[in-house]
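Read the structure below first, then the notes.
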Amino acid sequence: MKILMVCLGNICRSPLAEGIMKHKAAERNLDWIVDSAGTGFWHAGELPDSRSIATARRHGIDITDQRARQFAPADFDRFDRIFVMDNQNLQDVLRLARLDEHRAKVDLILNQLRPGHNNNVPDPYYDDNGFEEVFRMLDMACEVFVSRQMEES
């Protein structure tokens, strides 16, 4: 399984989602590839936000090996599932999709918890206190996804 997590700048939410999903897959000895990207280019090459790094570290996850990058149309062919953090990211990614099979790979990550509700993971960039809540939401969504994949295999 190859999974891509996508947010706006690839420094707050998607790095946390990548780290959480990698951690859960490793705990279950799943040979998954997990990556993240942003719909914007502003932070390309940068480490995740220091608050994301600190939040992940508090939960025993190290995300300091990650570097921000921009989502590319080629990602549709590289990944089996593409999870986006909010409805704007969803629109931005789907706008780049050329095939129905590409569109079918894309979903909001919180639809793992409440299918079809299309809830957003809030961007904690301007709210220092929001990182822990974002971690909790992503942790639950990733847990549901991993558990479902294990049941299906």
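Below are the figures for this structure:
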| item | result |
| --- | --- |
| Check on Asn119, open to solvent by less than 60 Å² (accessible area, probe 1.4 Å), among the polar types (S, T, N, Q) and in contact (Cβ under 8 Å) with a residue 40 or more places away in the chain | no |
| Some residue of segment 87-102 being in contact (Cβ under 8 Å) with a residue 24 or more places away in the chain, within 28 Å of Arg28 (Cα to Cα) and open to solvent by less than 10 Å² (accessible area, probe 1.4 Å) | no |
| Failed item in (1) under 14 Å from the mean Cα position of the chain (by Cα); (2) in contact (Cβ under 8 Å) with a residue 40 or more places away in the chain; (3) under 17 Å from Pro15 (Cβ atoms), with Glu143 passing the rest | (3) |
| Scan of segment 36-56 for residues that are surrounded by fewer than 19 Cβ atoms within 10 Å (Cβ to Cβ) and not in a helix (DSSP H, G or I), ordered by number | Gly40, Phe41, Trp42, Ala44, Gly45, Glu46, Leu47 |
| Residue in segment 13-24 that is of a type in the set (Lys, Arg), assigned to a loop (DSSP other than H, G, I, E, B) and out of contact with any Asp or Glu (no Cβ under 8 Å at 6 or more places or on another chain) present | no |
| Members of segment 95-141 that are closer than 15 Å to Asp80 by Cβ and either outside any loop (DSSP other than H, G, I, E, B) or among the charged types (D, E, K, R) (or both) | Glu101, His102, Arg103, Lys105, Val106, Asp107, Ile109, Gln112 |
| Residue list for segment 57-80, restricted to those being open to solvent by 70 Å² or more (accessible area, probe 1.4 Å), within 29 Å of Leu94 (Cα to Cα), in a loop (DSSP other than H, G, I, E, B) and in contact (Cβ under 8 Å) with a residue 60 or more places away in the chain | Asp80 |
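The values are calculated or read from the model by the stated rules, or taken from the named source; none is laboratory data. Note that this is a predicted model, so its numbers are computed, not measured. Note that each Cβ is placed from the backbone with ideal geometry, even for glycine, and that neighbours are counted across all protein chains shown. Remember, those area values only see protein heavy atoms, side chains included, never the ligands or the DNA or RNA. Shrake-Rupley method; radii C 1.70, N 1.55, O 1.52, S 1.80 Å.
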